Amino acid sequence: MLSNKSIAAPFLALPRPAKRVLVIALDLVLSLVSVWIAFYLRIDQTGLPQAQQPYVYLLAPLLAIPVFVRFGLYRAIFRYTGMAALATTAKAVALYALLFFVALLYFKWDGVPRTLGLIQPLLLLLLVGISRAMARFWLAGWSSKARHAVGRLLIYGAGDAGVETASALAVSRQFVLLGFIDDDKAKAGRSINGVDIMPPAEVADAVERMGVTDILLAMPALERARRNEIIASLRELPVHVRTLPGMVDLASGRVTIQDFQELDVEDLLGRPPVPPDSTLLARNLAGKVVLVTGAGGSIGSELCRQILLEKPRRLVLVELSEFALYTIHRELEGLCREHDLPMEVIPLLASIGNFGRLKEIFNLYRPSTVYHAAAYKHVPLVESNPSEGVFNNVFGTLNTARAAMESGAAHFVLVSTDKAVRPTNVMGATKRMAELVLQALAASPAVRFVSPDGTCSGEVQNHTVFAMVRFGNVLGSSGSVVPLFRKQLREGGPLTVTHPEVTRYFMTIPEAAQLVLQAGAMARGGDVFVLDMGSPLKIVDLARRMAQLSGLSLRDENNPEGDIEIKITGLRPGEKLYEELLIGDNPEPTAHQRIMKAHEDFVAWPELAPILVAIRQAAILNNEAVMKSIMKQLVHGYVPHSACCAASSAESGPVPR
């Protein structure tokens with residue numbers, strides 16, 4: 001037996017002109033049939049036309065087809081026909097009815113009652129409407145929709161976004177819409193286009209009773225706190241929870257199935273970001289020349305986006321990766337056009353390891369504020385390439401700071417990391433050394449820099465305010481576990497976690513960038529700012545949360561039939577179980593509730609300079625043992641990976657914080 005799809009396929013494969021000819025032919029036949037039925041109903045005539053009745057059979061299609069063409073009825077796609085198309089059909093038939101009735105009154109043909117002018121248009125409207133509806137059911141495959149749909153859906157939110165989404169689902173075979181969920185008690189028990197609305201309390205029962213596979217959050221304007229409550233209430237249900245884009249995206253056009261998105265990283269984090277202080281944000285940015293290193297990276301690119309909205313006079317992008325620079329430059333140019341921002345965005349390819357190139361850039365553009373986000377941050381890679389970590393993270397920072405000082409930059413902000421605190425890896429140790437460099441420079445009213453050959457340059461007066469902003473992991477960045485887990489979920493698992501007790505602080509990229517900008521504005525010189533990142537989160541808990549919100553059950557010894565497993569792979573080189581944000585104790589509060597100021601010891605520049613010369617020589621020779629020995633002496637709490645492996649494996653409980 002042929003399926004509905006196989007019968008419809010030949011028609012769908014026809015070119016559009018051929019489809020239009022077929023539809024016009026159908027309407028011509030329907031107009032003739034409606035005349036015949038009208039004669040039968042009015043004068044009980046079933047035979048051939050008599051007297052002047054053939055003129056009526058000729059008049060009906062001659063009027064109907066041009067009117068239908070004029071109203072665009074043959075431009076519509078039948079399988080997407082909706083109420084708007086049916087309303088257009090009714091208007092077209094109404095005009096046809098007027099012309100048809102007037103023609104019958106004017107010609108007064110024998111054997112043609114005038115009431116035929118009222119009966120026949122009503123019949124034609126009925127037949128044309130039925131033909132369109134049947135075509136939609138046939139071509140869109142509604143008769144077999146429930147059998148072929150890949151998901152059974154509830155929409156959370158019976159507002160405009162939810163209703164528009166339901167309309168988009170009506171022409172898709174991907175989901176069967178089973179109901180709406182809404183917090184408004186007044187809507188409970190009512191329906192939209194025949195689909196019932198239920199209160200949140202009935203969701204769990206509906207999921208089990210109806211076999212729901214997916215829940216779509218269609219509430220783009222809902223406040224974050226309530227949104228988090230809803231997501232938490234759905235987490236334990238065996239459904240895939242997804243969301244619609246924001247109101248700006250919805251306003252740009254019709255909602256489609258392709259607009260359905262996985263939950264935002266903010267939803268996974270489960271806490272609302274603090275609104276930024278607009279005064280702090282603009283303090284070092286508005287009307288200034290601002291330079292960002294690492295402008296194409298996760299944090300650097302977000303800094304650029306937010307800096308742009310504060311209307312600097314000029315934004316200078318420094319980036320080593322050509323593609324990353326091209327991408328962020330194009331995006332920022334688009335933002336300038338979108339927000340009508342008349343400013344220069346200057347893309348510059350440069351390595352922070354090349355002091356000559358940096359000096360040229362700084363002397364040419366004279367930035368007032370510098371955000372130094374360029375760094376190697378991937379722990380295992382830097383552990384395997386310690387020389388490059390030293391060159392890039394330590395001396396790249398020194399080069400950029402020196403260029404800023406010599407060009408007279410007013411503010412310099414280093415984007416640092418929680419891995420700089422009592423590090424067990426080269427990456428963290430080099431980032432702490434970068435902090436020490438800036439702390440030493442900040443404490444020196446004048447600095448004499450040492451060249452790689454050991455010679456000293458002239459003394460540079462220091463008028464730059466240096467600051468460091470230290471924070472933990474950002475969700476959704478290129479090195480974050482979130483993109484990795486999403487990829488593993490798509491591939492069916494397993495979700496890989498290095499250790500069941502690995503715990504990290506998390507923050508979203510936009511929130512981290514906002515706080516970096518605000519912290520830098522509060523700097524007085526040598527400040528080490530620490531972002532309050534809330535409570536730390538176990539990576540394994542994040543994996544469970546993402547699996548549950550994808551509608552998957554975890555496979556373990558208690559549930560061997562589960563959908564996906566979490567696989568423990570073992571700590572990577574240099575990886576810690578727990579990260580810390582402070583070396584010392586008693587952080588000092590600031591004017592911003594999420595920003596604290598740490599009091600960290602440092603080494604004065606005259607003592608630090610010869611140490612930098614020594615570690616540079618060790619890096620040039622790729623002498624890993626000497627580099628780690630110097631960092632161990634200089635960086636408080638640094639224990640090289642080889643020395644801490646035994647201690648890590650012997651741990652039986654949480655590491656003391």
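Here are the numbers for this structure:
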{"quantity": "Förster-model FRET efficiency, 60 Å R0, K19 and D541, C-beta, rounded to 0.05", "calculated": "0.65"}
{"quantity": "Violating pairs (Cα-Cα greater than 29 angstrom) within the set K431/K567; K431/K538; K311/K487", "calculated": "K431/K567; K311/K487"}
{"quantity": "Descending semi-axes in Å of the range 495-544, equivalent ellipsoid built from Cα gyration tensor", "calculated": "30, 11, 8"}
{"quantity": "Accessible area, probe 1.4 Å, largest first, for residues K185, K628", "calculated": "K185, K628"}
{"quantity": "Protein-only accessible surface order, largest first, of W36, W109, W605 at 1.4 Å", "calculated": "W36, W109, W605"}
{"quantity": "L621-A410 FRET efficiency (beta carbon distance; Förster radius 30 Å; 0.05 resolution)", "calculated": "0.20"}
{"quantity": "Anisotropy class of the range 316-389 from Cα gyration tensor, a/c 1.5 cut", "calculated": "oblate"}
{"quantity": "Peptides ranked, highest mean first, by Cβ atoms within 10 Å: ranges 290-302, 42-54, 306-318, 612-624", "calculated": "290-302, 306-318, 612-624, 42-54"}
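The values are calculated or read from the model by the stated rules, or taken from the named source; none is laboratory data. Quick caveat, the model's predicted, so the values are computed rather than measured. Here the Cβ is made from the backbone with ideal geometry for all residues, glycine too, and neighbour counts use every protein chain on show. Please note that ligands, DNA and RNA were not included when accessible areas were found on the heavy atoms of the full protein model with its side chains. Shrake-Rupley method; radii C 1.70, N 1.55, O 1.52, S 1.80 Å.
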